[in-house]
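Reviewing the structure listed below.
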Amino acid sequence: MNVLIVYWHPEPNSFNGAMFRRAIESFETAGHEVKTSDLHEMNFNPVSGRHNFSDVNDAEFFKQQLEEMHASETGTFSSEIEAEIKKLEWSDLVIFQFPLWWFGMPAMLKGWVDRVFAMGRV
Ligand SMILES: Cc1cc2nc3c(=O)[nH]c(=O)nc-3n(C[C@H](O)[C@H](O)[C@H](O)COP(=O)(O)OP(=O)(O)OC[C@H]3O[C@@H](n4cnc5c(N)ncnc54)[C@H](O)[C@@H]3O)c2cc1C
């Protein structure tokens, strides 16, 4: 099985960090392939916008989902987003590892979801 672990925590020695490393080790020991997105380590930009794309569908009015449909058809996601989408397409299982912050995902992980789960592609 191909496993993608999307992880965010600013402290590698945290409980979340320990669970992240243990998950990698456990899956690999069991014979599975693991890829990771360690968002803090990557300094992933959580802010969405035209920089998600290398081409423009509508230069007058930015509607993210229409730009995503265009980028899906023309292969014009930015290299940063394309790399993350490719990991998703590769995976059979996706694990999100994060501390609960105000009843939800911390900002960097929320931004990853906003930018990478692109309409027309994922
Ligand atoms: C901005 C903010 C918003 C928050 N919002 C919420 C919220 O809405 N709801 C909520 O419930 N909580 C909330 N919290 C609290 C947060 O989710 C918890 O403190 C969470 O445990 C943090 O995860 P951590 O990885 O930093 O834990 P850590 O602080 O690293 O560890 C948590 C506990 O696990 C122990 N531990 C650490 N490593 C290990 C290990 N390897 N094995 C066994 N035990 C270990 C530690 O001793 C500690 O007791 C919020 C915190 C912040 C900063």
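The values are calculated or read from the model by the stated rules, or taken from the named source; none is laboratory data. Since we're looking at a predicted model, the values are computed, not measured. All Cβ positions, even for glycine, are placed from backbone atoms using ideal geometry, and neighbour counts span all protein chains on display. Surface areas here come from the heavy atoms of the whole protein model, side chains and all, with no ligands, DNA or RNA. Shrake-Rupley method; radii C 1.70, N 1.55, O 1.52, S 1.80 Å.
Taking Cα atoms, how many degrees apart are the long axis of helix 15-29 and the longest axis of the chain, rounded to 10 and kept between 0 and 90? With rounding to tens, the tilt is 80 degrees. Comparing ASN45, ASN13, ASN57 in a Gaussian network model of the chain where C-alpha atoms under 10 Å apart are linked, the largest mean-square fluctuation is found at ASN13.
Can you tell which of GLY75, GLY111, GLY31 shows the greatest fluctuation in a Gaussian network model of the chain with Cα springs below 10 Å? Most flexible of the set in this elastic network: GLY31. Probing with 1.4 Å while keeping every protein chain in the model, the per residue accessible area of the chain equals 58 Å².
Using a 1.4 Å probe over the heavy atoms of the protein chains, calculate the carbon and sulfur portion of the accessible area of the chain as a whole percent.
Ligands and nucleic acids excluded, carbon and sulfur give 56 percent.
The modelled label-to-label distance between SER79 and SER14, using points 7 Å beyond Cα along the C-beta direction, is 2.9 nm. Just ASP92, ASP55, ASP38 to compare: in a GNM of the chain, with alpha carbon springs under 10 Å, which one fluctuates most? Of ASP92, ASP55, ASP38, the Gaussian network model singles out ASP92 as fluctuating most. Per-residue accessible area (protein heavy atoms, 1.4 Å probe) orders LEU93, LEU66, LEU100 as LEU100, LEU66, LEU93, starting from the largest. The stretch between GLN64 and SER26 holds 9.9 nm of extra length on full extension. This uses 0.36 nm per residue minus the Cα-Cα distance. Across the chain, the fraction of Cα-Cα pairs farther apart than 26 Å, rounded to a whole number, is 26%.
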